[in-house]
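Below: one structure, written as structure tokens.
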Amino acid sequence: MGGRRRAPLGSDEDYSFVSPIVKYLLFLFNFIFWIIALVMVAIGVYARMMKHAAALASLSVDPAIMLMVVGILMFIITFCGCVGSLRENICLLQTFCICLTVIFLLQLTAGILGFVFSDKARNRVTKMLNNSIIHYRDDIDLQNLIDYGQKEFGCCGGVTFTDWSQNMYFDCKPDNPSKERCSVPFSCCIIDKDEMVINTMCGHDMQEKEYTEAGNQIHTNGCIDKLVNWIHSNLFLLGGIALGLAIPQLVGILLSQILINQIKDQIELQNYNLKHSSDPWR
């Protein structure tokens, strides 16, 4: 059989190349992520329904839509892995293996391109953040995300705090009728922990003040520089996260490929037995 190991004489009918450990380990691996995919889709649908009840979300940055899309793709891929491993179906297993390989290569390519073209990536992130500032009041999820980022990184706006003039509510134009004209969100404010009563209006009219004067009450540095500095100082953490995402994919690819080869060997053994079933000298 092409140099492959043969079954012991007289036991060909009962011998199997397919390892139950590999088979059910791959099934368990896929089943766990299949359940996770179902939970992700359920959370995405629930979040989307709640947002429709409150306000129309911006689809381009909607976390609920992203969660549903990732969950559905993950559900389909892991379903192929589950059924393929249980039924020993080479077609489904190959589909599962190819999908994981493509996803892994896309992630690797994105990481390399992001590192090589870091300036272009920075410009792209800046455009995305500026677009998010424009739609700050349009989407409650987006608003919470920006507020969280500005509080955690101690920043305000994209490049500088005056970027908030891009938003129609915070725009500093003289004819802007908004009560928040020339202001910045509360998440930009420098909070003094010793204060008994927090001034939630601390960002009011901050864009009309000089840079140094505004810096006494709000964070004046943009979030892009803060984010870049955070990435540089947490490369090991990001590398660990990337490795944590890559290991399950590599394990899935390895197990599926091992099982595919075992199934092919088993098919060859069955064909050999069928071909020589009437040969007394086999």
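The values are calculated or read from the model by the stated rules, or taken from the named source; none is laboratory data. Just so it is clear, the structure is predicted and the values come from calculations on it, not from any experiment. Please note: Cβ atoms are built from the backbone with ideal geometry, for glycine as well, and neighbour counts cover all protein chains shown. Protein only, heavy atoms only, side chains kept; ligands, DNA and RNA dropped before computing areas. Shrake-Rupley method; radii C 1.70, N 1.55, O 1.52, S 1.80 Å.
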For the pairs Lys193/Lys226; Lys120/Lys179; Lys120/Lys173; Lys120/Lys193; Lys179/Lys209, flag any whose C-alpha to C-alpha distance is greater than 28 Å. Lys120/Lys179; Lys120/Lys173; Lys120/Lys193
Scan (i) 1.51; (ii) 0.98; (iii) 0.91 for the value of Cα Rg over 2.2 N^0.38 Å calculated from this model and give just the label. (i)
Compute the acute angle (0 to 90°) between the alpha-carbon long axis of helix 223-233 and the principal axis of greatest extent of the alpha-carbon atoms of the chain; round to the nearest 10°. 50
If you average the sequence gap of Cα pairs under 8 Å that are 6 or more apart and divide by the length of the chain, what percent do you get for the contact order? 21
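Nearest 0.05, what FRET efficiency do Ile140 and Asn273 give at R0 = 51 Å with Cβ-Cβ as r?
Details: r = 65 Å, r/R0 = 1.28.
Result of the calculation: an efficiency of 0.20.
With a 1.4 Å probe and every protein chain kept in, tell me what percent of the accessible surface of the chain is carbon plus sulfur. Before the final figure, lay out the partial values.
On the way: 11810 of 17820 Å².
Carbon plus sulfur share of accessible area: 66 percent.
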Once amide H atoms are placed 1.01 Å from N in the peptide plane, what residues at a sequence separation of 5 or more from Gln217, or on another chain, have their amide H within under 5 Å of its amide H? none
Enumerate by residue number the trypsin sites (Lys or Arg not before Pro) in the stretch 140-221 meeting two conditions: DSSP loop (anything except H, G, I, E, B), and at most 10 other Cβ atoms within 10 Å of the site's Cβ. Lys179, Lys193
With unit charges on the beta carbon (Lys/Arg positive, Asp/Glu negative), name the residue among Asn221, Cys182, Leu274 whose Cα is farthest towards the positive pole of the charge dipole of the stretch 145-282. Leu274
Using a 7 Å offset from the Cα along the Cα-to-Cβ direction at both Phe117 and Leu243, what is the distance between the two label points in nm, to one decimal? 2.9
I'd like to check one number: the per residue accessible area of the stretch 88-268, probe 1.4 Å, reported in Å² as a whole number. 61
